[in-house]
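The values are calculated or read from the model by the stated rules, or taken from the named source; none is laboratory data. Bear in mind the structure is a predicted one, so any value in this text is a computation, not a measurement. Glycine gets a Cβ as well: all are built from the backbone with ideal geometry, and neighbour counts include every protein chain shown.
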Amino acid sequence: MADGTIVVGDAAPWPCPGSREFKTEILAGLTTFLAMSYILFVQPAVLSRDFQNRPTGLEPAAVFVATAVSAAVTTAMMGLYARLPIALAPGMGENFFFVTCGMGLTSLGFPNAWRTALGIVFWSGFAFVLLNVTGLRERVLRSLSPSMCAAISAGIGLFLTFIGLKNASILTCSAGTWVALNTHADGVAVLVFSIGLLTAVALQARARATALLGAILVATAVAWLCGRTRWTGWSSTMWSLSAAGQFDLRGALSPRAWPYLLVFLFMDLFDTVGTLVGVLHAAGWSDLRNRPSVRRALMTDAVGTVFGAFLGTSTVTSYIESAAGIHAGARTGLAALVTAIAFLLSLGFAPLVGLIANYPPITASALVIVGALMMANARQVEWSDLTEAVPALLVLGGIPLTFSIADGLALGLISWPLLKIATGRWRQVPGVSLVLAAVMAGYFAFVRSQL
């Protein structure tokens, strides 16, 4: 084209190779990968053993490959089909619930509970596909007020900040206050985090697109010099997909498994909605209505869950760390495609990925910087209107404090229509908001409380 770009659907046009924008997309895609690469090593550790340190039946090598392949394929689909700079991988939170599900199914007498758990994830993904076909998930997006959208984005920013400070050994658990300053913090972890943070701020102040990536690389060098991460040499990954297709689809539909199926359904539904709203709001998409890319993104997320379950891993979902890439300049699906390629290459270069992913303080500074940038959305909340301010505050605070985007969003979905009705403004409440509030209240009361 005359302007040197390739127009792609309703999303931002892809830049031509060699242009400054093209290089920015490449670097942004790598930034997203580095920010979320920890899942490649966390996922096998979480899924291979339960909370009593007993083998679950899933082999770590198989989970590693399933994680990398599912992330690569679904992220590529997001970039090429939805054309958005959003990456996907097995979700944190969902993976721990997967283990909880397996332990619960074992106590209920299910043989090979991990197979049944994979079957439950598969059916939940299939249900997501049906919900997309009916347009229900898109109607959920449309029902969110501008203040709610802004609060979700800011809440995710606080969530990322909380995770970053925790990974940097600055925050710790406390019996009296639940969370507190770690007075016995690992000095090296704090040093790595601090240098990374200073680097990121210095580069960001100079409007450098490489600010986050540069901070991660500098932090990696410091961690390596301090002996906290090391190069283990090149090696080929064990190409094991022994869990592929091993799910128990019939057992997953047993009435005894329904509560777990509902939890997976709700967790991914609202995690995805919250992530898309928060991340795309940070990219400048304040209005997500009638956007084909959003519909495609929701379908990609749903198909990803089905595909991940087939390969042998827990729920695949959109990642909030995509915000790191967006703040590094990602605006098109090209960045997602770069992230997907990086996940695929990680199969052969596990030591290189592990150099960064195995030491959380390295990426902690990037998460805090992105959190600070996303918090700017809080100014868009109508704080003068309590029917908007209170639900927004519940979402903004609920997401990091419950350690769950889905649970934090649910608090807002329940309170928003109730406050509107209580103040006589029931005409402002769409029918879908009332249905969501009732469903979420019932979910908390009768499903989540029983697990």
What about Leu141, is it of a type in the set (A, V, I, L, M, F, W, C), touching a residue at least 60 places away in the same chain (Cβ under 8 Å), within 24 Å of Trp416 (Cβ to Cβ) and in contact with a Lys or Arg (Cβ under 7 Å, 6 or more places away or on another chain)? no
Residue check for Leu241: modelled with pLDDT of 90 or more and of a type outside the set (Lys, Arg): no
For segment 285-359, list the helices (runs of 4 or more DSSP H) that sit wholly inside it and hold at least 3 residues that are of a type in the set (Val, Ile, Thr); which are they? 292-311, 333-345
Return a yes/no flag: does segment 220-231 have any residue that is under 24 Å from the mean Cα position of the chain (by Cα), farther than 30 Å from Thr106 by Cβ and at pLDDT 85 or above. yes
Considering only segment 22-47, how many residues are under 16 Å from Ala72 (Cβ atoms) and of a type in the set (D, E, K, R)? 0
Out of Ala76, Ala61, which single residue is in a helix (DSSP H, G or I), modelled with pLDDT under 85 and small (Gly, Ala, Ser)? Ala61
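From the list Ala335, Ala330, pick out the single residue that is modelled with pLDDT of 90 or more, over 15 Å from the mean Cα position of the chain (by Cα) and surrounded by 24 or more Cβ atoms within 10 Å (Cβ to Cβ).
Details: Ala330 fails: modelled with pLDDT of 90 or more.
Being modelled with pLDDT of 90 or more, over 15 Å from the mean Cα position of the chain (by Cα) and surrounded by 24 or more Cβ atoms within 10 Å (Cβ to Cβ) holds for just one of Ala335, Ala330, which is Ala335.
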Can you go through Val370, Val353 and tell me which one is modelled with pLDDT under 85 and within 15 Å of the chain's Cα centre (by Cα)? Val370
Answer from Thr56, Thr75 - the residue that is surrounded by fewer than 24 Cβ atoms within 10 Å (Cβ to Cβ), touching a helix residue (DSSP H, G or I) at 6+ places or on another chain (Cβ under 8 Å) and at negative phi: Thr56
Members of segment 138-147 that are surrounded by fewer than 23 Cβ atoms within 10 Å (Cβ to Cβ) and closer than 12 Å to Leu436 by Cβ: Arg139, Val140, Leu141, Arg142, Ser143
Flag if Ala89 is within 21 Å of Ser322 (Cα to Cα), touching a residue at least 60 places away in the same chain (Cβ under 8 Å), not basic (Lys, Arg) and not in a loop (DSSP other than H, G, I, E, B): yes
Which one of Gly104, Gly109 is on the phi > 0 side of the Ramachandran plot, surrounded by fewer than 21 Cβ atoms within 10 Å (Cβ to Cβ) and over 19 Å from the mean Cα position of the chain (by Cα)? Gly109
Scope segment 370-407; condition surrounded by fewer than 19 Cβ atoms within 10 Å (Cβ to Cβ) and of a type outside the set (A, V, I, L, M, F, W, C); matching residues: Arg379, Gln380, Glu382, Ser384, Asp385, Gly397, Thr402
List every residue pair whose Cβ atoms sit under 7 Å apart, with the two residues 6 or more apart in sequence or on different chains, where the first one lies in segment 106-119 and is closer than 13 Å to Thr56 by Cβ and the second, anywhere, is at pLDDT 85 or above and among the acidic types (Asp, Glu). Asn112/Asp248; Arg115/Asp248; Thr116/Asp248
Across segment 6-43, what is the total count of residues that are at pLDDT 85 or above and in contact with a helix residue (DSSP H, G or I) (Cβ under 7 Å, 6 or more places away or on another chain)? 16
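Quick one: which helices (runs of 4 or more DSSP H) lie wholly within segment 369-451 and hold at least 1 residues that are under 25 Å from Ile326 (Cα atoms)?
386-402, 405-422
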Just need a number here: residues in segment 197-209 that are modelled with pLDDT under 85 and buried (at least 19 other Cβ atoms within 10 Å of the Cβ). 2
For segment 142-163: of the residues being outside any helix (DSSP H, G or I) and modelled with pLDDT under 85, which is farthest from Leu197 (Cα to Cα)? Ser143
If I filter segment 175-186 down to residues being out of contact with any Cys (no Cβ under 9 Å at 6 or more places or on another chain) and not in a loop (DSSP other than H, G, I, E, B), which single residue comes out as surrounded by the fewest Cβ atoms within 10 Å (Cβ to Cβ)? Trp178
